[in-house]
1. For Arg13 and Gln52, what does the FRET efficiency come to when R0 = 30 Å and r is the distance between their Cβ atoms, rounded to the nearest 0.05?
2. Under the rule a/c < 1.5 gives rounded, and otherwise a/b versus b/c splits prolate from oblate, where does the stretch 1-60 land using the Cα gyration tensor?
Amino acid sequence: MTASPADVAAMLRGIRHHHQAISASAVETLLHIATGADCSAELCRRMGVVRQTANRNVAHLIGRGRIGKGRARSRLGLVQRSKHPDRTGFRLELTPDGRELIASTFGLFET
């Protein structure tokens with residue numbers, strides 16, 4: 001299934017309606033986590049970015065990141081980190097709010 005540019009724009013608009021502070025890069029990060037990227041290395045591989053970029057996006061989605069030239073903290077709370085059972089480092093997963101946002105916008109999960 002291929003989405004048209006208008007479909008993608010409508011999906012992004014739906015997410016920004018709920019969380020106006022979220023960037024397109026953070027949305028991409030959120031979608032990769034929603035579809036199985038459970039660690040920074042996998043996220044970097046899927047996104048084609050360096051670890052610092054992926055970690056900055058994850059911090060923003062967790063609610064620890066700074067936006068607007070470091071002036072304001074994000075309060076998204078869409079992703080959480082926990083100890084990864086199979087690897088060193090952290091496991092990335094959606095919070096209930098993150099799952100609800102993805103479900104309502106993309107229909108990937110049942111709420």
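1. Working: r = 29 Å, r/R0 = 0.96.
Computed FRET efficiency for Arg13 and Gln52 comes out at 0.55.
2. Values: a/c = 2.35, a/b = 1.49, b/c = 1.58.
Taking the square roots of the gyration eigenvalues as a ≥ b ≥ c, the stretch 1-60 is oblate.
None of the figures in this text is laboratory data; all of them are computed from the coordinates on show. Just so you know, these numbers come straight off a predicted model, no measurement behind them. Ideal geometry is used to build each Cβ from the backbone, glycine not excepted, and the neighbour counts take in all protein chains shown.
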